[in-house]
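Q: Quick one: structure below, then a few questions.
Only the coordinates and a few stated rules stand behind these numbers; no lab work does. Just so we're clear, the structure is a prediction, and the values are computed from it rather than from any experiment. Every residue, glycine among them, receives a Cβ derived from its backbone with ideal geometry; neighbour counts consider all protein chains shown.
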Amino acid sequence: MSLSFLHPALLWGLAVAAIPLAIHLFYRRRPRAVPFPAIDFVMQARRETERRFKLRRVLLFAARTALLVAAALAIARPRLSAPEASAAPGPAGPAATAIVLDTSASMAYRLGGRSLLARAREDALEALRSLGPDEPATVVVCGGEGAPQADPPSFDRVELRRRIADADQTYLHSDLNSCVGAAARALGDPGVVGVARRRLLVATDLTASAWRLDAPAPVVSTPSGPERPEVTLLDAARGEKLPNRWVAGLVAEPEPAVGSHGYRISATVSGQEAEAGSDVPLSIRVGAGKDERTAVRSLLDLPASGSVKKSLAHDFATGGPAVVTASLPPDALPDDDALSLAIDVPREVKALVVNGAPSAVRHRDVAFFLEAALSGPASPVRPTVVDAEGFGKARLSDFDVVMLLDLRSPGAKGAELASFVEGGGGLFVAMGDDVDPDRYEAEMKGLLPAPLHVVKTAAARGTPGAAEKAARLAEVDWDHPILRIFTGPAREGLESVRTYRYMLLKPDRKEGGTRVIARYDDGAPALVEARRGRGRVILYASTLDPEWSDWTIRTSFLPAMQRIAAWLAGALEGRHDAPGVVGAPRQLVVPEGIRVAALLGPDGRERRDLATKEGVVVVTPDRPGLWQVRVRDLATSGEKIDPALAFAVWPDPRESDTRRLEPSELTAWFGGEAHARVAADGRAPENRQQPVWSWLLLLAVAAFLVEGLLLA
Amino acid sequence: MTEAGKRLLDPEVLARLAGLRLRVRATAEGVLSGLHRSPHHGQSVEFSEHKEYAPGDELRHVDWKAWGKFDKYYVKRFEQETNLRAWLVVDASGSMGYRGAEGRLTKLGYACTLAGTLAHLLVRQQDAAGLAVFAGQVTNALTPRAEPSQVNAILETLEALTPGGETRVESAVAFLAERARRRSAVMVFSDLLDRDERMIRMVADLRRRRHEVTIFHLLDPAEIDFPFDDPTLFLSMEDARSVEARGRDVRRGYLELLGKWLEGLRRTCGESDVEYVLVRTDQPLDEVLVPFLARRERSAA
């Protein structure tokens, strides 16, 4: 044990201890000289009592000196420190302490049957217990992005213990830089007075991803200026390495070669291990809940601290929403051993292609290219090609989409088409030499997005310089679901399309629900969409044969036509976005007529208190896995889980990377060993600095009482 | 005794009276008025005993009847001739000059007043009163006489005393042993602070010589109560010794020693048939003298 003082300058007060001695030596009261007859008795009495009274005088002197010394020492606020505490950096005295508890996803790692968070929680509680009664403290629970709540240090130990005990495991990434920064700001609160030191205790697993060592280290603002806090990192892993394997990525892409509902499922598996792993089992499961089953199993060789990508094929039995999950055998950190993916396996779309200008020469047939595009093995569209006569006999209710190509006019089918679209069907209209704008207007009664006007010839095909003069698509709505797949160089497939002739549209239609998907470079609409009832209509201002445009030979033609057909059939609308990361807000876009009633998390718990932003439900998933959406039909008020709205949430990949920082790196960042240390045993420096000033005051009182007794 | 008389016997009042004679007179009158009977026996003519004639005896005291019977001359002795011979032995050592408070009689002053008063009373009843003053040694001595002038001589001697020298009771005892061959009443006025522990035994020896010994042990109240608290430098009044002590520290031991000493004196005097009277100098003199005289009257009767 060693003795330290909070106010060592006040030790000058010990000089008062010399007062009794000085009085004894210099200010001793002169005895009054008294002639006295019975001096023999006095002398004898003095001899007999001299030893006793000499002892009493010594005791009196000691009591007075002890009184003054104890009082002077008490004012200097002495503290008894354990040896390790005395070796801690910084001045002696009570410390304001901020305990940062890491609750990030990596803290779920299990070592010796216990999670790192359980250890860290114990370390934090032990650190809290070791604080002296005059040491304020605060607790910062660190889980998730951004600066967490950091209250100024207080003496409410019960509340602090409760906060530590109630700190739950999160599946989020922790930004410990922000957390220690918030803790440092709390330590610098102007209300923190009467402390000599400011300490940061960080209970964490030392994973590198949680720290940004290129950022400035935290400092505490004190009345005397910024100062570095004393930092102790309580290593919950106790110095052990944290090997981990995780599924880092999952992609499902249609694979026509496998089947009409075939997919190529590619899983990326990463490892953070010293040794390479061989024959690591990887399972691909499909379905959700009780319908989940293993579809494919495989073994893969995983390099040491590396990644490997494995692609497996699977043919779904039917189209529609589906869930794919790639999983590894559970390890010490099981939350990242599986990734799910919600996909929408395209369902079969029945399309009636009306060929308005059949030709015996196939490549001159106006429906040739479209039929070829829709009939591909990976296409979800099953086209039926008829001529104008066949169109008149066709029963539209047998189809999802009707595609009119260079049809002079719908004729008697115009009204039926209108009701077909109103009922949810899709209509695609492409122009051609035979199209009669006036009859379209008369027979379809506003079904088209815009009335047809006249044909414009941008360049005469075959003439010199025609390619340069041809119109190009200039204003393209790349965010439209049809064109969303065209990203990067793929857009070239649309932007390179040359159009020689195209139908101009009248701009005077005032009805809403019209959306121009693409325009030519002269501003004329090229691809226009309109919502009519529950269905949609798309008008293409040129032809789907090489006569007016060369789109049919462009790479964008096939996917665009398939997506247009799927979009008009409503099979494209439910396509899922990329899976989000846990903790990232996500908007739930639901079709008309239904409303989100609840979310069903991977843990099976329903969440009904959902936040909305501008009428859109915004959810922030707090754990990885498949999230399902329970919807309420506004017409029937019935609730059901809508598989099409299910979405997958992935764990934060930064938390899967369990590489640990070298203690020296971290201590150097905090300012070197003078300011920081890593407690591999998870124990904070024993701050057994017991304040002894109260004992000294007690001693002073006791000395005062003893003096009184001696004088009595 | 009237209230005025009582007040007059108060030592503090007496201390304000200038002159020993005045104090003696006041005391004597106060004492006399306090006695039920006059201690004055008068000149007794009662036959006491026969004594064979010797030259120098008065012829008128020859008992002729005895001559007729025994053919020898016998001289009648009367009570008058056996009147008290008293030695007033006064200690005038340095320690007797002590008084614990202003306005109080010193022990010597008190002793002189007592002795003078007794001398006055003795001579008044035609007893012989003598005086021996010792301070280290006997410095003054007056052979007992019954003449009225003896009182004046004694008072003059006492009045002239100043305290000084050591307390040596031995010197007074030796003096009396030599000078007081006849049976006498010896009244010692002293504080007995003699460093010779055999002092009281020596005084008791006087009793063995058939003297009636009375010790008036005079102590100042401060010596009895030891009212000192603070650090005090106690100076010896008879030599150069001194001791520094905190009064409250040594009081208990002092009082214990004093008590033992007084008890020893009282016991020794009792064993030796010596009358011991402890006198506080703040004590009214009649409280000392009246009981003493009453006892003497009873013993004389």
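Q: Using DSSP to define loop residues, name the trypsin sites (Lys or Arg not before Pro) in the range B:62-137 whose beta-carbon has at most 16 other beta-carbon atoms within 10 Å.
A: B:72
Q: How far apart, in nanometres, would the label points at residue B:58 and residue A:122 be if each is projected 7 angstrom from Cα along the Cα-to-Cβ direction?
A: Placing both labels 7 Å along Cα→Cβ, they lie 12.9 nm apart.
Q: May I pose another question? How far is it, in nm, from the label point at residue B:198 to the one at residue A:415 when both lie 7 Å from their Cα along the line to the Cβ?
A: Distance between the two pseudo-spin positions: 17.0 nm.
Q: Let me have the 222 nm mean residue ellipticity of chain A computed from DSSP H runs of 4+ only, each contributing -39500 (n - 2.57), with the sum over all residues rounded to the nearest 500.
A: Rounded to the nearest 500, the figure is -7000 deg cm²/dmol.
Q: For a quick check of your reading of the filter: which trypsin sites (Lys or Arg not before Pro) in the range A:453-531 sit in a DSSP loop and have no more than 15 other Cβ atoms within 10 Å?
A: A:484, A:509, A:510
Q: In whole Hz, what ³J(HN,Hα) sequence does the range A:405-414 give by Karplus (6.51, -1.76, 1.60; θ = phi - 60°), x for Gly and Pro?
A: Running phi through 6.51 cos²θ - 1.76 cosθ + 1.60 with θ = phi - 60° gives 10, 6, 8, 4, 6, x, x, 5, 7, x Hz.
Q: Over all directions, average the projected area of the Cα convex hull of the range A:595-679 and note it in nm².
A: One quarter of the hull surface, i.e. the mean projection, equals 9.3 nm².
Q: Ignoring solvent entirely, what values of log10 I(q)/I(0) come out of the Debye formula for the protein assembly as shown at 0.05, 0.07, 0.10 Å⁻¹ when each Cα is a single scatterer?
A: -0.61, -0.84, -1.15
Q: Can you list residues whose amide H is under 5 Å from residue B:143's amide H, if they're 5+ apart or on another chain and H is modeled 1.01 Å from N?
A: Placed amide hydrogens put B:131 under 5 Å from residue B:143.
Q: Multiply the residue separation of residue B:183 and residue B:137 by 0.36 nm, subtract the distance between their alpha-carbon atoms, and state the gained length in nm to one decimal.
A: Once the chain is fully extended between residue B:183 and residue B:137, it gains 14.3 nm.
Q: Follow-up question, since we're still on this one. So which lysines can residue A:350 reach, going by Cα to Cα under 23 Å and dropping same-chain residues fewer than 8 places off?
A: Output for residue A:350: A:393, A:413.
Q: Could you pull out which residues in the range A:211-240 have an amide N less than 20 Å from a spot 7 Å beyond the Cα of residue A:674, following the Cα-Cβ vector?
A: Flagged as within label range: A:216-233.
Q: How much of the DSSP beta bridge set in the protein assembly as shown is antiparallel, as a percent to the nearest 5?
A: If I count the DSSP bridges inside the protein assembly as shown, around 60 percent turn out antiparallel.
Q: Can you pull out the GluC sites (Glu not before Pro) in the range A:261-325 that DSSP calls coil and that have at most 13 other Cβ atoms within 10 Å?
A: A:275
Q: Here is a follow-up. Taking amide H positions as placed 1.01 Å from N in the peptide plane, with prolines and chain starts having none, which residues 5 or more places from residue B:168, or on another chain, fall under 5 Å of its amide H?
A: B:136
Q: Using each residue's phi in the range A:637-654, evaluate 6.51 cos²θ - 1.76 cosθ + 1.60 at θ = phi - 60° and report the 3J(HN,Hα) Karplus result to the nearest Hz, with x for Gly and Pro.
A: So the Karplus estimates, Gly and Pro as x, are 6, x, 10, 7, 7, 9, x, 5, 9, 4, 9, 9, 10, 9, x, 5, x, 5 Hz.
Q: Treating the Cα atoms of the range A:244-346 as identical point scatterers in vacuum, please give the log10 of the normalised Debye intensity I(q)/I(0) at q = 0.23 Å⁻¹, two decimals.
A: The calculated log intensity ratios at q = 0.23 Å⁻¹ are -1.17.
Q: Here's a follow-up. What percent of all Cα-Cα pairs in the range A:436-543 falls into each 5 Å bin, going from 0 up to the bin containing the maximum distance?
A: Bin by bin from 0 Å, the calculated values are 2, 12, 21, 22, 18, 14, 8, 3, 1, 0.
Q: Still on this structure, please answer the following. FRET efficiency for residue A:641 and residue A:317, Cβ-Cβ distance as r, R0 = 25 Å, nearest 0.05?
A: With a Förster radius of 25 Å, E is 0.80.
Q: What residues have an amide H closer than 5 Å to that of residue A:659, excluding those fewer than 5 places away on the same chain, when H is modeled at 1.01 Å from N in the peptide plane?
A: Here the answer is A:208, since their amide H atoms fall under 5 Å of that of residue A:659.
Q: Evaluate 2.2 N^0.38 Å with N set to the residue count of the range A:349-568, then give the Cα radius of gyration divided by it.
A: My calculation over the Cα atoms of the range A:349-568 gives 0.93.
Q: Can you grab the distance from the C-alpha centre of the range A:698-712 to the C-alpha centre of the range A:120-192, Å, no decimals?
A: The two parts, judged by their Cα centres, are 45 Å apart.
Q: Okay, next question. Apply the Karplus curve 6.51 cos²θ - 1.76 cosθ + 1.60, θ = phi - 60°, to the phi angles in the range B:53-60 and return the couplings in whole Hz, x for Gly and Pro.
A: After applying 6.51 cos²θ - 1.76 cosθ + 1.60, I find 4, 9, x, x, 6, 5, 5, 6 Hz.
Q: Hey, which of these cross-link pairs are over 32 Å Cα-Cα: A:290/A:310; A:613/A:640; A:445/A:613?
A: A:445/A:613
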